[in-house]
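All of the numbers you see were taken from the coordinates with simple rules; none came from a lab. Owing to the predicted nature of the structure, the values given are computational and were not obtained by experimental measurement. In this analysis, Cβ positions are derived from the backbone assuming ideal geometry, glycine residues included, and neighbour counts consider all displayed protein chains.
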Amino acid sequence: MLKSALKSDLLLRANTIGLDQAAVLIGLDQETILGDLGSNLLVASRVNGQWYFDRNDLCAYAYHYYHDKDEQYESITSYLTPQVVLKRYTEGEKDFSCQAIVNDADFASYQLPSVDFYYSKLCGVNFEGANLKNADFREANLFKASMKNANLSGVAFQGADLRAANFSGADLTNACFWDAKLDNVNLEGVIIKNTQFWRGIPLTKL
């Protein structure tokens, strides 16, 4: 449901979604979203009578004001738990793009090399000590996620929302962060080798 609602080339490029897609992504009814919009808890643009939202800001808003809301949506197929992801991964599936993972999901020490979380919602998710080598997190929302001591070598983070994420001790060899949001990110003790934070500028140390 979420994938079909979001996987539009136009919306993906603009990182902007309409009210219908917003409600599906964060699991809130449209009336609640519009009410919070009127209370200035959320910012949106109105074009030709339709509301449009920045996807990353929308995810951060939902995480901040409705932190436990996802617990009510774990039975919905579009909201994935770590157990469901691991089961499907071990069965050979690696494409979890355009999906919503429940808030603060615990993937600590999971072995998920080359997993595809492109454009997925992963707010507050714990990947501490996980093996995510060559994973795809492009355009993903990882607001307040933890990747402490994780193997992130070769990972693609282009355009991802990594605000307040914790990468301390992680291996960032050959990882790419082009155009990612890095406000208040923790990079203490990370392994840097051919890591690209800016286009065409590989780093060997911070």
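Put simply, the amide H of residue 181, placed in the peptide plane, has neighbours under 5 Å in 160, 161, 162, leaving out anything fewer than 5 places away on its chain.
Which FRET efficiency value, to the nearest 0.05, is calculated for residue 111 and residue 66 with the Förster distance at 41 angstrom and r the Cβ-Cβ distance?
Details: r = 31 Å, r/R0 = 0.76.
Computed FRET efficiency for residue 111 and residue 66: 0.85.
Each of the peptides 167-179, 134-146 was scored by the mean count of other Cβ atoms within 10 Å over its residues; in descending order, highest first, they stand as 134-146, 167-179.
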